[in-house]
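**Student:** Please read through the structure below; I'll follow up with questions.
The values are calculated or read from the model by the stated rules, or taken from the named source; none is laboratory data. The model shown is predicted, which means the values in this text are computed figures rather than measured ones. Note that each Cβ is placed from the backbone with ideal geometry, even for glycine, and that neighbours are counted across all protein chains shown. Remember, those area values only see protein heavy atoms, side chains included, never the ligands or the DNA or RNA. Shrake-Rupley method; radii C 1.70, N 1.55, O 1.52, S 1.80 Å.
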Amino acid sequence: MFRQAGHSVPTQGLPLWLKLVLSLWVVVWAPTYWVLLGPQNYWWLCNLANFLLLAGVWGESRRLVSMQWLAVALVGSLWAVDVGTAWLTGWHPIGGTEYMFDDRHPLLTRLMSLYHLLLPPVAGYAVWRLGYDRRALAWQSALTWLVIPASYLLTEAERNINWTQGPFGQPQSLVDPLLYLVLLMLLWPLLIYLPVHWLTLVLSRRRRG
C-alpha cells in the first residue's frame with residue numbers, strides 16, 4: 001500500500017484537485033472555528049493537522065504528510081467509532097465526542113468536526129502517492145511534546161484541549177497535574193502514533209514484495 005522514503009521506485013505527485021479542495025476546506029473551516037470557538041481551539045493536534053496536512057500536500061512533503069498520517073489515522077478511526085456508536089445506541093464506548101450531541105455547541109461547528117472522518121483518507125492517499133517517511137514518528141512525537149505543554153499553559157483548563165486536564169475529555173484528580181502531563185506526553189506517541197507507524201511499515205514491505 002505504502003512506499004517508504006528512499007525506495008527506488010519513483011513517487012507520484014499529488015493531483016491539483018486534491019490541493020484545491022483541501023485549500024477550500026481550510027479557508028472555510030479555519031475562520032469559522034475562530035469566530036465560533038476562538039483561536040485556542042487550534043491547539044488541538046487534530047485541528048493543527050488541517051494546516052500541516054495542507055502545507056504537506058502543496059509542498060508534496062513526505063515528512064509532513066507522513067506526520068499527519070500518524071496524527072489522524074487512529075484518532076480519526078476512534079472518533080468515528082465513538083460518534084457512530086453514540087449515534088446508534090446513545091453510548092460512547094471511548095468518550096471525548098460527547099460535544100457532537102450537545103446542543104450547547106453550535107450545529108455548524110459540530111458538522112465541521114466531521115472532518116475527523118475525512119483527514120485519514122486524505123493523509124493516507126498522500127502517503128500512498130508520495131511514500132512514507134519512517135522518520136515521521138520522531139518528528140510527530142517531537143511536535144506533540146511541544147504542543148501538549150503549550151496547550152496546558154496557553155489554553156483555558158475547562159476546554160481540556162488535547163486532554164491536558166484529563167483523559168477522554170474528563171478532568172482527572174487521581175495524580176498530580178504535572179505528573180499526568182508527563183504521562184500524557186509519553187503515552188500519546190506510544191498508543192496513538194506507534195501502532196500506525198508499525199502498520200504502515202508492514203504495508204510498505206508487503207507492497208514492495
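**Student:** Quick one: if you stick a label point 7 Å off each Cα along the C-beta vector at residue 102 and residue 77, how many nm between them?
**Tutor:** Placing both labels 7 Å beyond Cα along the Cβ direction yields 2.7 nm.
**Student:** Kindly state, to the nearest 0.05, the FRET efficiency for residue 138 paired with residue 30, given R0 = 25 Å and r defined as their beta-carbon distance.
**Tutor:** In this case the efficiency is close to 0.35.
**Student:** Given (1) 8, 32, 37, 19, 4, 0; (2) 9, 37, 38, 14, 2, 0; (3) 9, 32, 33, 20, 5, 2, 0, which label gives P(r) over Cα pairs in 10 Å bins from 0, in percent as computed from the coordinates?
**Tutor:** (1)
**Student:** To continue, here is another question. Can you compute the charge dipole magnitude of the chain about its Cα centre, using +1 on each Lys and Arg Cβ and -1 on each Asp and Glu Cβ, nothing else charged? Give it in debye, rounded to the nearest 20.
**Tutor:** Value, rounded to 20: 1160 debye.
**Student:** I would also like to ask the following. Scan around residue 132 for amide H atoms under 5 Å from its own, H built in the peptide plane at 1.01 Å from N, and keep only partners 5 or more places away or cross-chain.
**Tutor:** 3, 4, 5
**Student:** Obtain the nm distance between the two label points defined at residue 114 and residue 146 by a simple spin-label model: each point lies 7 Å from its Cα along the Cα-to-C-beta direction.
**Tutor:** 3.4 nm
**Student:** Carbon-plus-sulfur fraction of the accessible area of the range 96-209, 1.4 Å probe, in percent?
**Tutor:** The C+S portion of the solvent-accessible surface of the range 96-209 is 70 percent.
**Student:** Starting from the Kirkwood Rh over alpha-carbon pairs, what translational D in µm² s⁻¹ does the range 136-182 have by Stokes-Einstein at 4 °C and 1.567 mPa s?
**Tutor:** 116 µm²/s
**Student:** Right, next: Residue 156 to residue 168: extension gain in nm, 0.36 nm per residue of separation minus the Cα-Cα distance?
**Tutor:** Gain on extension, residue 156 to residue 168, equals 2.6 nm.
**Student:** Please determine, in degrees from 0 to 90 and to the nearest 10, the orientation of helix 115-130 with respect to the longest principal axis defined by the Cα atoms of the chain, where the helix direction is its Cα long axis.
**Tutor:** Result, in degrees: 20.
**Student:** Now for a separate question. Contour minus end-to-end for residue 12 and residue 182, with contour as 0.36 nm per residue of separation and end-to-end as the Cα-Cα distance?
**Tutor:** 57.2 nm
**Student:** With runs of 4+ DSSP H residues as the only contributors, calculate the mean residue ellipticity of the chain at 222 nm using -39,500 (n - 2.57) per run, divided by the residue total and rounded to the nearest 500.
**Tutor:** Rounded to the nearest 500, the figure is -21500 deg cm²/dmol.
**Student:** Once the Cα atoms of helix 16-37 and of the chain are each reduced to a long axis, what angle between those two axes, in degrees from 0 to 90 to the nearest 10, is obtained?
**Tutor:** So the inclination is approximately 10 degrees.
**Student:** Rounded to the nearest 10 degrees, what's the angle between the helix 177-188 long axis and the longest principal axis of the chain, both from Cα atoms, 0 to 90?
**Tutor:** 30 degrees
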